[in-house]
Amino acid sequence: MLAALTVVIGLCVVAFDPWESASSTSGSSTTLATEDTPQLAAWHTSAPYVFVTDPKTPDLVEVLEATGQKAFTLAFVRAPASGGCTPTWGGTDPVSKDTRVAAVIRELRAHGGDVAVSFGGGAGTALGLECDSPQATADAYQTVLDKYGIQVVDLDIERTVSQNPAAVANEIGAARILQRENPGLVVTLTVPGTATGVDALGERTLTRARDEGLEVAAYTLMPFDGEFRGAAAQQAALKGFNRQLRTLFGWSAEEAWRHTGISQMNGLTDLGEYFSEVDFASNLIFAKSHHMARFTFWSLNRDRQCTPADNNMQLSTECSSIAQSAYAFTRYSTDFAKWAAAR
């Protein structure tokens, strides 16, 4: 991936309260948020990932008006490519000097939308690999929350981090510190998928979150880039993930589903899988029927048709490499958010 909602308090479930709390709590600093920020809890359950610093990033207000989707997950905050424990967008653009992303957020909020921020991702270097402690990592992330008035964050912990126990401790520990210091902060945790759920590294990450007492709104599986063939294979992986969550947390099957999310990849993936609207539609039905907590995808940047439509069977960061109408995949996220708001 170029590029996880019910909260766990101890081992008890409070359905959707974290989203409602986050949308009504001011947090540490709301430089861009105001008292008029709308209640967007349900929309955050389906916020698509956006590679926000890409020069051809879609206009988020345009997407909101075209699809109704009101929340988006901005990706990714990482350590600088040159090293160090300071947050940057994509490893290149320092958060401390940013004006461009701030303007995007301000404009979206003026039109009734909101954003989450994702830390990590599959490329570049996560801050947990560069910072020397959970506190130092939390301090770096706190600057992001303060600058943009963020109330929902996603930890995208992929294998470059999960294979390093110290980095996992930094990331999970930092998130726990942020929750203590920012009441109402919603945290989601996103991990790579296998055919049967998560591998041993993924289980170690989940175990660390459990043992730290991190309140996770959705443990989100990424069932792509692993020789998945269509929605049936993805749903089999989610069922395996459900069994793992039951074992790790002592939950019933129903409780585990209420803590589960899915993050998909639209169109052609890095490893040559294809996921169509038919797959998204099937997964949407599955997510609703199992009362899952989150339904999202990577990425909004790719939610448009290439020229030619199949892009000569080449992967693109700017289009899906399959035939589609503009923002066709985002509309499934919109559907999930409306369902989440009504249930």
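The values are calculated or read from the model by the stated rules, or taken from the named source; none is laboratory data. Remember, predicted model here, so these are calculated numbers, not experimental data. Quick reminder, even Gly has a Cβ in these numbers, built from the backbone with ideal geometry, and neighbours come from all protein chains shown. Ligands, DNA and RNA are stripped out before the accessible areas are found, and what is left, the full protein with its side chains, is counted by its heavy atoms. Shrake-Rupley method; radii C 1.70, N 1.55, O 1.52, S 1.80 Å.
Please specify each residue of region 113-146 satisfying the condition of being of a type in the set (Gly, Ala, Ser), over 23 Å from Pro48 (Cβ atoms) and touching a helix residue (DSSP H, G or I) at 6+ places or on another chain (Cβ under 6 Å).
Gly128, Ala138, Ala140
Identify, please: which residue in region 241-262 is buried (at least 18 other Cβ atoms within 10 Å of the Cβ) and of a type in the set (A, V, I, L, M) and is, among those, nearest to the chain's Cα centre (by Cα)?
Ile262
Among Ala79, Ala75, which is the only one that is open to solvent by less than 10 Å² (accessible area, probe 1.4 Å) and under 17 Å from the mean Cα position of the chain (by Cα)?
Just a single option satisfies the conditions, and that option is Ala75.
Taking Thr317 and the conditions (1) under 16 Å from Val50 (Cα atoms); (2) in a helix (DSSP H, G or I); (3) of a type in the set (Val, Ile, Thr); (4) open to solvent by 30 Å² or more (accessible area, probe 1.4 Å), which numbered condition does it fall short on, given that it satisfies the others?
Only one criterion in (1) under 16 Å from Val50 (Cα atoms); (2) in a helix (DSSP H, G or I); (3) of a type in the set (Val, Ile, Thr); (4) open to solvent by 30 Å² or more (accessible area, probe 1.4 Å) is unmet by Thr317, namely (2).
Could you please find all residues in region 211-225 being under 19 Å from the mean Cα position of the chain (by Cα) and either surrounded by fewer than 23 Cβ atoms within 10 Å (Cβ to Cβ) or under 23 Å from Phe275 (Cα atoms) (or both)?
Leu214, Glu215, Ala218, Tyr219, Thr220, Leu221, Met222, Pro223, Phe224, Asp225
Just a yes or no: is a residue in region 290-304 of a type in the set (Lys, Arg), open to solvent by 30 Å² or more (accessible area, probe 1.4 Å) and either part of a helix (DSSP H, G or I) or within 16 Å of Phe228 (Cβ to Cβ) (or both)?
No - not one qualifying residue is present in region 290-304.
So the check is Cβ under 9 Å with 6+ separation or different chains; which pairs have a first residue in region 151-163 that's more than 27 Å from Ile105 (Cβ to Cβ) and a second one that's assigned to a strand (DSSP E or B)?
Arg159/Pro192; Thr160/Gly120; Ser162/Val191; Ser162/Pro192
What are the residues in region 59-98 that are within 30 Å of Asp132 (Cβ to Cβ), in contact with a helix residue (DSSP H, G or I) (Cβ under 7 Å, 6 or more places away or on another chain) and β-branched (Val, Ile, Thr), if any?
Val77, Thr86, Thr88, Val95
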